[in-house]
1. Can you list residues from other chains, or at least 5 along the same chain, whose modelled amide H is less than 5 Å from the amide H of L67?
2. Once the Cα gyration tensor of the chain is found, what semi-axes does its equivalent ellipsoid get, as square roots of 5 times the eigenvalues, in whole Å, sorted largest first?
3. Work out, step by step, the length gained on full extension between V13 and N32: first 0.36 nm times the residue separation, then minus their alpha carbon distance; give nm to one decimal.
4. What figure, in Å² to the nearest 10, do you get for the accessible area of Y31 with a 1.4 Å probe and non-protein molecules left out?
5. Could you derive backbone 3J(HN,Hα) for the range 23-37 from the dihedral phi with the Karplus parameters 6.51, -1.76 and 1.60 (θ = phi - 60°), listing whole Hz in sequence and x where the residue is Gly or Pro?
6. Taking θ = phi - 60°, what integer Hz values does the Karplus form 6.51 cos²θ - 1.76 cosθ + 1.60 yield along the range 48-60, in sequence order, with x for Gly and Pro?
7. What full-extension length gain, to one decimal in nm, is calculated for Q39 and H21 as 0.36 nm per residue of separation minus the Cα-Cα distance?
8. Once phi is turned into θ = phi - 60°, what whole-Hz ³J(HN,Hα) does the Karplus curve with 6.51, -1.76 and 1.60 give for every residue of the range 41-46, x standing for Gly and Pro?
Amino acid sequence: MKYFLTITLCSLVDGTCIGPHTFPNYYPDLYNCQIDGYQKSVEKIKEIGSDDINQYKIYTKFSCKILNETWLLNLYY
(Lines give C-alpha, C1' and ligand atoms only; values in the text may rest on other atoms or scores of the structure.)
Protein backbone atom coordinates (compact mmCIF):
# COMPACT_ATOMS: atom_id res chain seq x y z
CA MET A 1 0.00 0.00 0.00
CA LYS A 2 1.34 3.46 -0.94
CA TYR A 3 0.48 6.87 0.52
CA PHE A 4 0.55 10.42 -0.78
CA LEU A 5 0.97 13.64 1.19
CA THR A 6 -1.08 16.83 1.03
CA ILE A 7 -0.39 20.02 2.99
CA THR A 8 -2.84 22.88 3.45
CA LEU A 9 -2.11 26.40 4.71
CA CYS A 10 -4.79 28.13 6.75
CA SER A 11 -5.28 31.49 8.46
CA LEU A 12 -7.03 32.00 11.77
CA VAL A 13 -7.53 35.69 10.89
CA ASP A 14 -10.10 35.12 8.17
CA GLY A 15 -10.81 31.42 8.68
CA THR A 16 -9.77 30.38 5.19
CA CYS A 17 -7.39 27.79 3.79
CA ILE A 18 -5.49 27.56 0.52
CA GLY A 19 -4.52 24.33 -1.09
CA PRO A 20 -4.22 21.53 -0.54
CA HIS A 21 -0.86 21.04 -2.18
CA THR A 22 -0.26 17.41 -3.14
CA PHE A 23 3.34 16.27 -3.39
CA PRO A 24 4.32 14.16 -6.41
CA ASN A 25 6.19 11.45 -4.53
CA TYR A 26 4.60 8.43 -2.87
CA TYR A 27 5.49 6.80 0.42
CA PRO A 28 5.79 3.07 1.08
CA ASP A 29 4.05 3.34 4.44
CA LEU A 30 2.13 5.68 6.72
CA TYR A 31 5.10 6.21 9.03
CA ASN A 32 7.33 7.72 6.33
CA CYS A 33 4.50 9.86 4.98
CA GLN A 34 3.81 11.33 8.42
CA ILE A 35 7.49 12.01 9.14
CA ASP A 36 7.79 13.88 5.83
CA GLY A 37 4.52 15.71 6.49
CA TYR A 38 5.86 17.13 9.73
CA GLN A 39 9.21 18.01 8.14
CA LYS A 40 7.63 19.75 5.15
CA SER A 41 5.25 21.63 7.45
CA VAL A 42 8.17 22.96 9.49
CA GLU A 43 10.02 23.92 6.28
CA LYS A 44 6.98 25.85 5.03
CA ILE A 45 6.51 27.65 8.37
CA LYS A 46 10.18 28.70 8.33
CA GLU A 47 9.88 29.81 4.69
CA ILE A 48 6.88 32.02 5.47
CA GLY A 49 8.63 33.50 8.51
CA SER A 50 7.58 34.48 11.99
CA ASP A 51 6.27 37.95 11.07
CA ASP A 52 3.68 36.66 8.57
CA ILE A 53 2.87 33.57 10.65
CA ASN A 54 2.08 35.76 13.65
CA GLN A 55 0.35 38.57 11.73
CA TYR A 56 -1.96 36.33 9.69
CA LYS A 57 -2.13 33.49 12.25
CA ILE A 58 -1.06 30.96 9.60
CA TYR A 59 -0.97 27.28 10.42
CA THR A 60 -0.41 24.11 8.43
CA LYS A 61 -2.28 20.86 8.38
CA PHE A 62 -1.37 17.77 6.45
CA SER A 63 -2.79 14.40 5.64
CA CYS A 64 -1.48 11.11 4.35
CA LYS A 65 -3.97 9.30 2.17
CA ILE A 66 -3.90 5.86 0.66
CA LEU A 67 -3.04 5.89 -3.02
CA ASN A 68 -5.71 4.11 -5.01
CA GLU A 69 -3.46 2.51 -7.62
CA THR A 70 -6.43 1.18 -9.64
CA TRP A 71 -7.77 4.71 -10.03
CA LEU A 72 -4.30 5.97 -11.01
CA LEU A 73 -3.94 3.25 -13.67
CA ASN A 74 -7.35 4.12 -15.12
CA LEU A 75 -6.32 7.76 -15.31
CA TYR A 76 -3.48 6.99 -17.72
CA TYR A 77 -5.10 4.25 -19.84
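1. When sequence neighbours closer than 5 places are left aside, the close amide H contacts are K2, Y3, F4.
2. Sorted largest first and rounded, they come to 28, 14, 9 Å.
3. Numbers: separation 19, 0.36 × 19 = 6.84 nm, distance 3.20 nm.
The span from V13 to N32 would gain 3.6 nm if fully extended.
4. The accessible area of Y31 comes to roughly 150 Å².
5. Per-residue couplings from phi come out as 7, x, 8, 10, 10, x, 7, 5, 4, 5, 5, 5, 4, 5, x Hz.
6. Result, rounded to whole Hz: 5, x, 5, 4, 5, 4, 6, 5, 9, 6, 7, 9, 10.
7. Gain on extension, Q39 to H21, equals 5.0 nm.
8. Each residue's phi maps through the Karplus curve to give 5, 5, 4, 5, 4, 5 Hz.
The values are calculated or read from the model by the stated rules, or taken from the named source; none is laboratory data. Bear in mind that the values here come from a model prediction, so they are computed numbers and not experimental data. Reconstructed Cβ throughout: ideal geometry from the backbone, glycine too, with neighbour counts over all protein chains shown. Heads up: the accessible areas ignore ligands, DNA and RNA and are worked out on the full protein's heavy atoms, side chains in. Shrake-Rupley method; radii C 1.70, N 1.55, O 1.52, S 1.80 Å.
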